[in-house]
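The values are calculated or read from the model by the stated rules, or taken from the named source; none is laboratory data. These figures come from a predicted structure and were not determined experimentally. Cβ sites come from the backbone with ideal geometry, for glycine too, and all protein chains shown count toward neighbours.
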Amino acid sequence: MRSAQLRASFLEFFRDRGHTVVPSAPLVPGNDPTLLFTNAGMVPFKEVFLGGEERGYQRAVSSQRCVRAGGKHNDLENVGYTARHHTFFEMLGNFSFGDYFKREAIEHAWRYLTEVITLPPERLWVTVYEEDDEAERIWLEEIGVDPQRFRRIGAHDNFWSMGDTGPCGPCSEIFYDHGPGVAGGPPGSPDQDGDRYIEVWNLVFMQYDRDVEGQLTPLPRPSIDTGMGLERLAAVVQGVHDNYETDLFVPLIDAAGEIAGVADRRSASLKVVADHIRACSFLIADGVLPATEGRGYVLRRIIRRAVRHGYQLGIDQPFFYRLVQPLEAVMGEAYPELPRRREFIEKILHQEERRFRETLEDGLELLDDYLSRTDRDCIDGEVVFKLYDTHGFPVDLTADIARERQLQVDYAGFEARMAEQRERARAASRFGSAREAVVDAGESRFTGYETLADQGQIISLYRDGTSVQRLSAGEEGMIVLDQTPFYAESGGQVGDRGELLAAGVRFVVTDTLKQGEAHGHLGRLEQGELSVGDVVSAQVDEQLRAATVRNHSATHLLHAALRESLGEHVQQKGSLVAPERLRFDYSHYEAPDEATLQTIERRVNEQIQANLPAEAEQMGFDEALDAGAVALFGEKYGDTVRVISLGGYSCELCGGTHVRRSGDIGLFKIVHETGIAGGVRRIEAVTGARAVAWAQQLDAQQRRLAQTLRISPENLEHKVAQLSERAREQEKEIERLKQKLATQTGRSLLDEVREIAGVRVLATAVEGGGKGLRDTVDQLKNQIGSGIVLLLATQGEKVQIVAGVTKDLTDRFSAGTLVNYVAEQLGGRGGGRADFAQAGGRNPQAVPDALESVAAWVAEQATD
Ligand code: SER
């Protein structure tokens, strides 16, 4: 049976037994912040188990796509090293919500396995939770399982929970024995982790809800949740013991093998790549994009792990995206979202790989260099951190390399460096002490939507964050009024500035901050004295406020224009609205090109010229969403919300202050667009008088440039093009000359090529190492055509070892093995690929002997 048939037969078996067939939910669980990814078939039914949601059925069956990476259930690091671990898999499951319980669940499972797909009962082993007498009785007495193949197991394996909280319960597992030809022991034995006895089906008797404290509360109705990995089942049915040899994986491994030009399809790296393309494609299809934290970072880690393995296979071009099409051929029919989003998935993967390849090689070099200098069997935390911070190596990627080379990773040292970095970042962003939050400041009524000048009574006063009764002239502090027109910083809009005045009293407000429900006016009492209970006249700086509202309304127009031009996936990721400028961070997977940016800018200005009315309205949250208002994802809103609309063009939930009509904005000019993190971009723009000043400045600059070049401004573009063309030609010329020099040195080295066992070998010591040595090896490889090149360069006490093997010989000779062989003699180590590798040593005296030994190595490899 092929996997597609297995999937279908499972659904059909349970449909025939009164189960509703429910399609797979996305990998990102809707509305469940406790969970990173859908990691089991029961996840979409969580609320049904808990009794919080009713569906029209009490029995369900599904084939659910799942990811187990990065969360409570995390298999990432095992992928490639075992026959059955995956980051992405499909889980076949049947569910009962307070309908049938243990007996029927067990009976269904047994029948499906032994009658539908006709597995021999003597190959099946069963375990139950150690305290579950009832399940044991059903298995032994009613089903008649041989007690020889039956075990009671502790909570570690036989008590299942989705996450740290949520529904859970004891379980019973069914294992398949792949036979004595495969290593491993039965469940419960010390070598149970081998590949011989494989758990295929887990029946969970869902009975409890676990809360944050770990307390178990019985569920309203005991239920059933079962899960069987399609990949494992396919292996059993297709008579292989390695999931990667099933029809789900073979086409992917073949495709990757072909790209890499590797004939041996058992390579761990091929498995990794085949597994990871499934997880990454489906994650992207389900809306996850590579990012620096959260779900997006897990995706990035998986992509980068795959790319590194691709590199290890000798693939030196972006390749990962090329596997989406083969994946579609395997799974596209069962999961239509795959063909629908293929191009998008390819684009994201291509981009992420290109980006990572820019730093990957340098990172590996750094690691090799470090390893050539140390005797430790452990990669230092400092190095792990540098790889992470500078070269974009997620820690598990470094750990993966360490595992290949039998090294440990200094996690504690890495964590310490991370903590230091976090502390630095915190220190850099910490507010001055005046801005520190105070408690119970009271409550202020905000009147600043309608007016910029108002009366207010002082309800509390603070100096250095401490409540006081009075402020004297010259003192800095914070004043809270019962009512104020001063806007307090929130939603990206900065706090108002201005003055609080009374007879003989002047307090200059430099910022306004929210303190719970209160607006705190920060500043300095320039004149007079102020006490709690005093009434002051509060005057917002009108010009600054006017400039700020222009930028705030322009931000809304920009947001709408971005969604209009780039697509509805654009989400606000951050925003700063100040008098001088606006800054808007948004999610998008690539840099918009110049024409698109111009369209966006033009669309915003068109709305300004249309002089749209800005209207604020209070309404219910749901009503607002129905009206099409844009709400910020992950933001908390109250029951009633304020909705700002600008004509029909923009409609957003917002508590900020705005222009009366869009025409007040005057002019909108984007001054900067850039990427700030994976999938997040930033636009900076100016409006009103600032926009005019910006244009004037540009104009003046152009004139000055023209003067310097002694041409008229109209010819500027042409002249600059000419100059840069000339510079390019000169650079090329320099490059040509450099190459010529290098080849001349290379030429003379060619005289030293020897023939050993029919292979052309150049092994020699050279002057001057460094980065150039690598290019020299590449050139020599080209010149030799077919052969092995090994260059050793001594600098002080260190020896740099670089080796290359031409592609036609890499199935017999590996540069990686050669550098290790040589490095060992020189007291160092290193590693790399079959076609290129480098290492370091520390024993220059041993160089001549090491070079001598190469002939023996080549001869030995040649006869292997
Ligand atoms: N939730 C259980 C598991 O994932 C059974 O579906 O193993």
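Pull up the stretch 163-179, narrow it to residues that are within 30 Å of residue 48 (Cα to Cα) and among the acidic types (Asp, Glu), then point me to the one that is surrounded by the fewest Cβ atoms within 10 Å (Cβ to Cβ). Steps first, please.
Step one: filter the stretch 163-179 for residues within 30 Å of residue 48 (Cα to Cα), giving 163-175.
Okay, now just the ones that are also among the acidic types (Asp, Glu), so 164, 173.
Values: 164: 13, 173: 21.
Result: 164.
Which residues, taken from the stretch 347-359, are at pLDDT below 95 and surrounded by fewer than 22 Cβ atoms within 10 Å (Cβ to Cβ)?
If the condition is that a residue be at pLDDT below 95 and surrounded by fewer than 22 Cβ atoms within 10 Å (Cβ to Cβ), then 347, 351, 354, 355, 357, 358, 359 are the ones that fit.
Is one or more of the residues making up the stretch 115-127 in contact with a His (Cβ under 9 Å, 6 or more places away or on another chain), within 30 Å of residue 333 (Cβ to Cβ) and of a type in the set (A, V, I, L, M, F, W, C)?
Here is the first cut: in the stretch 115-127, the ones in contact with a His (Cβ under 9 Å, 6 or more places away or on another chain) are 123.
With the extra rule that they be within 30 Å of residue 333 (Cβ to Cβ), the set shrinks to none.
Checked the stretch 115-127: no residue is in contact with a His (Cβ under 9 Å, 6 or more places away or on another chain), within 30 Å of residue 333 (Cβ to Cβ) and of a type in the set (A, V, I, L, M, F, W, C).
Restricted to the stretch 815-852, and to residues that are assigned to a loop (DSSP other than H, G, I, E, B) and over 34 Å from the mean Cα position of the chain (by Cα), which residue is nearest to residue 759 (Cα to Cα)?
As a first pass, look at the stretch 815-852 and keep what is assigned to a loop (DSSP other than H, G, I, E, B): 826-828, 833-835, 842-843.
Those still in the list that are over 34 Å from the mean Cα position of the chain (by Cα) too: 826-828, 842-843.
Details: 826: 24, 827: 27, 828: 27, 842: 29, 843: 28 Å.
So, considering only residues that are assigned to a loop (DSSP other than H, G, I, E, B) and over 34 Å from the mean Cα position of the chain (by Cα), the one nearest to residue 759 (Cα to Cα) is 826.
Within the stretch 33-56, take every residue that is exposed (fewer than 15 other Cβ atoms within 10 Å of the Cβ) and touching a residue at least 12 places away in the same chain (Cβ under 8 Å) and give me the one that is farthest from the ligand (Cβ to nearest atom).
Initial filter on the stretch 33-56 (exposed (fewer than 15 other Cβ atoms within 10 Å of the Cβ)): 33-34, 52-56.
Checking which are touching a residue at least 12 places away in the same chain (Cβ under 8 Å) leaves us with 34, 55-56.
Values: 34: 15, 55: 18, 56: 22 Å.
Among residues in the stretch 33-56 that are exposed (fewer than 15 other Cβ atoms within 10 Å of the Cβ) and touching a residue at least 12 places away in the same chain (Cβ under 8 Å), the one farthest from the ligand (Cβ to nearest atom) is 56.
For the stretch 170-194, give me the residue count where each residue is within 16 Å of the ligand (Cβ to nearest atom), under 35 Å from the mean Cα position of the chain (by Cα) and in a loop (DSSP other than H, G, I, E, B).
0
Looking only at the stretch 137-162, filter to residues that are assigned to a helix (DSSP H, G or I) and buried (at least 20 other Cβ atoms within 10 Å of the Cβ); which one of those is nearest to the ligand (Cβ to nearest atom)? Outline the logic, then answer.
Within the stretch 137-162, the subset assigned to a helix (DSSP H, G or I) is 137-143, 147-149, 155-158.
Checking the rest, the ones that are also buried (at least 20 other Cβ atoms within 10 Å of the Cβ) come to 138-139, 158.
Values: 138: 18, 139: 17, 158: 11 Å.
Among those residues, the one meeting the criterion is 158.
Hey, among 706, 685, 700, 727, which residue is touching a Phe, Trp or Tyr at 6+ places or on another chain (Cβ under 7 Å) and either at pLDDT below 95 or small (Gly, Ala, Ser) (or both)?
Testing whether each residue is touching a Phe, Trp or Tyr at 6+ places or on another chain (Cβ under 7 Å) and either at pLDDT below 95 or small (Gly, Ala, Ser) (or both) leaves just 685.
Between a first residue in the stretch 13-32 that is farther than 21 Å from residue 109 by Cα and a second residue that is assigned to a loop (DSSP other than H, G, I, E, B) and among the aliphatic types (A, V, I, L, M), which pairs have beta carbons less than 6 Å apart while being 6 or more apart in sequence or on different chains?
Final answer for the pair search is 29/35.
Contact list please: Cβ distance under 6 Å, first residue in the stretch 389-401 and over 16 Å from residue 419 (Cα atoms), second residue among the small types (Gly, Ala, Ser) and buried (at least 18 other Cβ atoms within 10 Å of the Cβ), pairs at least six apart or on different chains.
391/363; 393/363
Looking for something farther than 19 Å from residue 46 by Cβ, within 13 Å of the ligand (Cβ to nearest atom), aliphatic (A, V, I, L, M) and assigned to a strand (DSSP E or B) - is there at least one such residue anywhere in the stretch 88-100?
Checked against the condition, which is being farther than 19 Å from residue 46 by Cβ, within 13 Å of the ligand (Cβ to nearest atom), aliphatic (A, V, I, L, M) and assigned to a strand (DSSP E or B), the stretch 88-100 yields no hits at all.
Of the residues that make up the stretch 646-669, is at least one among the small types (Gly, Ala, Ser), over 21 Å from residue 610 (Cβ atoms) and within 31 Å of the chain's Cα centre (by Cα)?
Checking the stretch 646-669: not a single residue is among the small types (Gly, Ala, Ser), over 21 Å from residue 610 (Cβ atoms) and within 31 Å of the chain's Cα centre (by Cα).
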